[in-house]
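Take a look at the structure below.
The values are calculated or read from the model by the stated rules, or taken from the named source; none is laboratory data. Everything numeric in this text was worked out from a predicted model, so none of it was measured. Positions of Cβ are backbone-derived with ideal geometry, glycine not excepted, and every protein chain shown enters the neighbour counts.
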Amino acid sequence: MSQQHAIILMIDIQAAINAGTLTENTYLIDNMKSHGSVGNGTANLITAVNGAYWFDGSQAGEAVLNWLPYGIGALPPTLPRTFRVPKSTVANAEKINSLAEKLKTISETKESVSDKKPGDQKTNAVANIAEQLKRIMEGASGTCKIQDMRGKVKDVGLKVMDMTGKEVNSDNISEASYIMPIITSITGEAVDKGVMFPAQYGSPDLVTDGWYWSASVDTNKTGTFAYTMHIQIYALSANKTWVPKDMTYTSHINVTHAPKRNGFTGGAMQALPIS
Amino acid sequence: MSTHINIITAVDVVAALSERTLYENIYLMDNSPFHSKGQGTASLATSCQPGQVIQWIVYALDLQTPVVIKKIVFLGASSDAENGAQSASECMGSDLDVWNGVVPVNMIPGALRHYRMELQMGVGQNSAMSVATPSLKRV
């Protein structure tokens, strides 16, 4: 096997959520274009899986497929997974600083109006400050919550932020960066017919949350086979909770194979060409 | 006595393509029963005897980078020894070739017979590179 196959799914999350389907909102790319994969960069990729067999018919090479889902509008996968932590801390620190300054202003205002003018002016000054405080608190987006498939909501403890890591609040919530889509299962014709054997593997690489789907292929079964990926994407609800939505997407593999032959002779093994 | 010797080549494909050279990005090892010299380097001298089968296998350090043996040519040979199916393929990288052969009886003992191994890493310019430092040595 000269290399493992990598298949990337680029999912336009916003569009998929709005349309309720991944159809026409997904683009596939693999690393086998030079080996015969058709449809790279489109919705209809047919991944070429070229196998080989020995003279006795037994399989001569492994073909391994790996899938990586990426979301358009999600934070880039090249960022470290802990990216949000310092960004959240900074956002909180800024809020605390604003509040501290406002408190300082309050105590100064209290002193300056307490004995000078009765009634209206004092009330107005305090009301003014109260209004400013309210605006600061509203600006705070609060922390991000995620709902699981059973409806249970968990607070992640981090801010909702945009693609640059800046905190996003109620007025610009549409700029929030999405959570990366996840593949939850791979099924379909290729799996049922025993052509592809998928499994989820744990990985120390946290780029894909420490999990990825991989499959080995029985290249003795030649032909074009469909397989379906079950993908979970998250939509941000009005109360800043990420709600999961399950969708599926179908792609194909085209398995071919050819016999191995000797590189020196083009046929059977012979004496090495050392003269 | 073992009749089969494997020469395994490990290639750091990313480094080789970035630096445009296999120098210091390639490691050869074999399991010859006669203790070859230069294990783990590009100057491996595989000790062997006539009648033994030698097989070359190549692995990429990063499983998702491509590498196949394009050609192995013994140096000092006449030009028509550049035989062999220039790779089972026009289709680059189909690893349908098995690079093995029997050590011939007419090898002069003790002399190092160098060979040039060409590797194909993906497609495009500078994707094919070779090393000419490994050798076979009849003991």
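Worth a mention:
- Identity of the residue in segment B:109-126, assigned to a strand (DSSP E or B) and aliphatic (A, V, I, L, M), that ends up nearest to residue B:19 (Cα to Cα): B:119
- Residue match in segment B:18-30 (condition: of a type in the set (D, E, K, R), closer than 30 Å to residue B:124 by Cα and touching a Leu at 6+ places or on another chain (Cβ under 8 Å)): no
- Residue count for segment B:6-21 satisfying the condition of being touching an Asp or Glu at 6+ places or on another chain (Cβ under 9 Å) and in a loop (DSSP other than H, G, I, E, B): 1.
Okay, residues lined up against (1) within 14 Å of another protein chain (Cβ to nearest Cβ); (2) in contact (Cβ under 8 Å) with a residue 40 or more places away in the chain; (3) surrounded by fewer than 19 Cβ atoms within 10 Å (Cβ to Cβ); (4) out of contact with any strand residue (DSSP E or B) (no Cβ under 6 Å at 6 or more places or on another chain):
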{"site": "A:23", "(1), (2), (3), (4)": "no, yes, yes, yes"}
{"site": "A:36", "(1), (2), (3), (4)": "yes, yes, yes, no"}
{"site": "A:45", "(1), (2), (3), (4)": "no, yes, no, no"}
{"site": "A:64", "(1), (2), (3), (4)": "yes, yes, yes, no"}
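- Which numbered condition residue A:194 fails, given (1) touching a residue at least 40 places away in the same chain (Cβ under 8 Å); (2) loosely packed, with under 12 Cβ neighbours inside 10 Å; (3) at positive phi: (1)
- Whenever a residue of segment B:110-139 is more than 13 Å from chain A (Cβ to nearest Cβ) and at pLDDT below 90, its partners that are surrounded by fewer than 20 Cβ atoms within 10 Å (Cβ to Cβ) and part of a loop (DSSP other than H, G, I, E, B), lying with C-beta atoms within less than 9 angstrom and at least six residues away or across chains, give the pairs B:126/B:20.
- Selection status of residue A:265, at negative phi and either buried (at least 20 other Cβ atoms within 10 Å of the Cβ) or in contact with a Leu (Cβ under 8 Å, 6 or more places away or on another chain) (or both): no
- Selected residue (only one of A:29, A:13, A:7 is within 17 Å of residue A:228 (Cβ to Cβ) and β-branched (Val, Ile, Thr)): A:7
- The lone exception for residue A:172 - which of (1) in contact with a strand residue (DSSP E or B) (Cβ under 9 Å, 6 or more places away or on another chain); (2) outside any loop (DSSP other than H, G, I, E, B); (3) away from chain B (no Cβ under 14 Å) it fails: (1)
- Options B:57, B:72: the member that is within 30 Å of residue A:50 (Cα to Cα), more than 9 Å from every other protein chain (Cβ to nearest Cβ) and of a type in the set (Val, Ile, Thr): B:57
- One residue stands out in segment A:218-255 among those that are in contact with a Gly (Cβ under 7 Å, 6 or more places away or on another chain), farther than 30 Å from residue A:146 by Cβ and part of a strand (DSSP E or B): the one that is farthest from the other protein chains (Cβ to nearest Cβ), namely A:226.
- Hey, residue A:203 loosely packed, with under 15 Cβ neighbours inside 10 Å and either within 14 Å of chain B (Cβ to nearest Cβ) or touching a residue at least 12 places away in the same chain (Cβ under 8 Å) (or both) or not: yes
- Residue in segment A:54-62 that is within 14 Å of another protein chain (Cβ to nearest Cβ), touching a strand residue (DSSP E or B) at 6+ places or on another chain (Cβ under 8 Å), part of a strand (DSSP E or B) and buried (at least 18 other Cβ atoms within 10 Å of the Cβ) present: no
- Residues of segment A:101-120 satisfying the condition of being modelled with pLDDT under 80 and loosely packed, with under 13 Cβ neighbours inside 10 Å: A:103, A:104, A:107, A:108, A:111, A:114, A:115, A:116, A:117, A:118, A:119, A:120
- Flag not set for residue B:42, criterion: on the phi < 0 side of the Ramachandran plot and modelled with pLDDT under 90.
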